[in-house]
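The block underneath contains the structure these notes are about, expressed in structure tokens.
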Amino acid sequence: MILRKKLIAGNWKMNKTPAEALAPAQEIAVAVGKQPDVDVVICPPFTALTTVAPVLDGTLVKLGAQNMHPEASGAFTGEISAPMLRAFFATHVILGHSERRSYFGETDAFINQKVLAAFKNQLRPILCVGETLAERESGSTLKVVQTQTEKGLEGVSKDQAPGLIVAYEPVWAIGTGKVATTEQAQEVHAFIRDLLTKLFGEAAAQKVRILYGGSMKPANAPELLAQKDIDGGLIGGASLESRSFTELVKTAAAAK
Ligand code: 13P
């Protein structure tokens, strides 16, 4: 059996000015920056990347962005490219978050271009997938997740696949305090693992970390992280305070 190292990633969304980002980044670096048991990533807004990068330098905590454009440069007003993120020392990028899909009209095809661009630029994509409440209630959860996963990963090679991170985020659980039950989450995670096995083969699929996201916090994390195919968390609200975020990292370390 392959032991996948757990990964806890904080998605700060549109929160924190550079000045506000400094203290939590420093606290996270001090509290969990030297521990090797769990991979830790924090994803501040673009405007705080240059403030957070030097704080994480020399620690094991990695820097991620929350989005990017697939092109390297050009006339795309307001956008940020993979080479720009690399220049800020980012190593990870969240792609296809449900907020991008629903508020900014991002399609699977566009998200797929971003995934390919991330790999091309040595950024690790964190591809988000997940169903809405209406989709769950109509029984189409697995179909939705299958389409988002397969279309999002078109053209990704077997060699690239182990570097991929997938985040299963049921839209109805994001920021709502309604967490998926461990059974609901594990079912979808195992389904995603099967899809990855079909796409990339068993060896590569066993290496991919599949994170759960949606109202994860220290109180509900132990049960979720104990599931066979739940390899960590993509944390929104509970990542904004260093205390709850570092507690989640410690919980993941205990669950390994
Ligand atoms: P919450 O943890 O606030 O529910 O957000 C989850 C999320 O969307 C992370 O990307």
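We did not get these values from a lab; they are worked out from the coordinates using the rules stated. On a predicted model such as this, the values are computed, not experimentally measured, just so you know. Here the Cβ is made from the backbone with ideal geometry for all residues, glycine too, and neighbour counts use every protein chain on show.
Look at (1) buried (at least 24 other Cβ atoms within 10 Å of the Cβ); (2) within 14 Å of the ligand (Cβ to nearest atom) and you find that G237 fails only one, number (1).
So if I check each of Q148, Q184, Q122, which one is more than 16 Å from the ligand (Cβ to nearest atom) and not small (G, A, S)?
Numbers: Q148 fails: more than 16 Å from the ligand (Cβ to nearest atom); Q184 fails: more than 16 Å from the ligand (Cβ to nearest atom).
Only one candidate qualifies: Q122.
Residues in the stretch 68-86: is at least one assigned to a helix (DSSP H, G or I), surrounded by 15 or more Cβ atoms within 10 Å (Cβ to Cβ) and within 16 Å of the ligand (Cβ to nearest atom)? No, the stretch 68-86 contains no residue that is assigned to a helix (DSSP H, G or I), surrounded by 15 or more Cβ atoms within 10 Å (Cβ to Cβ) and within 16 Å of the ligand (Cβ to nearest atom). The condition (being within 22 Å of C43 (Cα to Cα) and out of contact with any helix residue (DSSP H, G or I) (no Cβ under 7 Å at 6 or more places or on another chain)) is satisfied by just one residue among I126, I235, I174: I126. For the stretch 11-27, filtered to residues that are within 16 Å of the ligand (Cβ to nearest atom) and in contact (Cβ under 8 Å) with a residue 60 or more places away in the chain, the residue that is nearest to L234 (Cα to Cα) is N11. Taking the residues in the stretch 204-224 that are away from the ligand (no atom under 14 Å from the Cβ) and assigned to a helix (DSSP H, G or I) as candidates, determine which candidate is nearest to A65 (Cα to Cα). Among them, the one singled out is K207. None of K158, K143, K198, K228 is away from the ligand (no atom under 14 Å from the Cβ), surrounded by fewer than 18 Cβ atoms within 10 Å (Cβ to Cβ) and under 17 Å from R4 (Cβ atoms) except K228. Looking at the stretch 88-162, the helices (runs of 4 or more DSSP H) lying wholly inside it that each contain 1 or more residues that are in contact (Cβ under 8 Å) with a residue 40 or more places away in the chain sit at 98-103, 108-120, 141-152.
Taking every residue in the stretch 181-193 that is without any contact (Cβ under 8 Å) to a residue 40 or more places away in the chain and pairing it with any residue that is among the basic types (K, R), at least 6 positions away or on another chain, the pairs with Cβ-Cβ distances below 8 Å are A190/K228.
All conditions in (1) surrounded by fewer than 20 Cβ atoms within 10 Å (Cβ to Cβ); (2) away from the ligand (no atom under 14 Å from the Cβ); (3) within 26 Å of Q184 (Cα to Cα); (4) within 17 Å of the chain's Cα centre (by Cα) hold for I111, with the sole exception of (1). Of the listed requirements (1) of a type in the set (A, V, I, L, M, F, W, C); (2) more than 13 Å from the ligand (Cβ to nearest atom); (3) in contact with a helix residue (DSSP H, G or I) (Cβ under 6 Å, 6 or more places away or on another chain), V93 misses just one: (2).
Considering the conditions (1) closer than 21 Å to K151 by Cβ; (2) surrounded by fewer than 19 Cβ atoms within 10 Å (Cβ to Cβ); (3) within 12 Å of the ligand (Cβ to nearest atom), K178 is excluded by exactly one of them, (1).
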